[in-house]
Amino acid sequence: MRTIEWKEGKVFLIDQRKLPLKCEVINCSTYQEVAEAIKKMKIRGAPAIGVAAAFGMALAAYSSKAKNHEKFT
């Protein structure tokens, strides 16, 4: 299992607060869930947080109703 993984339009990440005693995987299907995971420090370390944030942005883009880049940003 990778620390963070994109699969079938969802982000799966290991809750690092539970390590090393337990390996619990969190399923995030919205950018809000990814943001909450970062805020609650379920994902830790600058590289992992950066990847999680990028996946969160991808989820936001997929769920956006914006027709072009200018409206999305």
Residues of the stretch 44-73 classified as over 14 Å from the mean Cα position of the chain (by Cα) and within 15 Å of R2 (Cβ to Cβ), total
0
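Is one or more of the residues making up the stretch 15-23 of a type outside the set (V, I, T) and in contact with a helix residue (DSSP H, G or I) (Cβ under 7 Å, 6 or more places away or on another chain)?
No, the stretch 15-23 contains no residue that is of a type outside the set (V, I, T) and in contact with a helix residue (DSSP H, G or I) (Cβ under 7 Å, 6 or more places away or on another chain).
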Just wondering, is there one or more residues in the stretch 27-35 that are modelled with pLDDT of 95 or more and part of a loop (DSSP other than H, G, I, E, B)?
yes
Meets criteria (part of a loop (DSSP other than H, G, I, E, B), in contact (Cβ under 8 Å) with a residue 12 or more places away in the chain and of a type in the set (A, V, I, L, M)) for M57
no
Among (1) without any contact (Cβ under 8 Å) to a residue 40 or more places away in the chain; (2) surrounded by 11 or more Cβ atoms within 10 Å (Cβ to Cβ); (3) in a loop (DSSP other than H, G, I, E, B); (4) out of contact with any Lys or Arg (no Cβ under 7 Å at 6 or more places or on another chain), K22 falls short only on (2)
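Within the stretch 60-72, which residues are in a helix (DSSP H, G or I) and either in contact with a strand residue (DSSP E or B) (Cβ under 9 Å, 6 or more places away or on another chain) or closer than 19 Å to K10 by Cα (or both)?
A60, A61, Y62, S63
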Look through the stretch 1-19, keep the residues that are exposed (fewer than 12 other Cβ atoms within 10 Å of the Cβ) and among the charged types (D, E, K, R), and return whichever of them is farthest from A61 (Cα to Cα).
R2
Among the residues of the stretch 25-48, which ones are touching a residue at least 40 places away in the same chain (Cβ under 8 Å) and either surrounded by fewer than 16 Cβ atoms within 10 Å (Cβ to Cβ) or of a type outside the set (V, I, T) (or both)?
A48
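The values are calculated or read from the model by the stated rules, or taken from the named source; none is laboratory data. Predicted model, so just to flag it, every value in this text is computed and none were measured. As a convention, Cβ positions derive from the backbone with ideal geometry for all residues, glycine included, and neighbour counts pool all protein chains shown.
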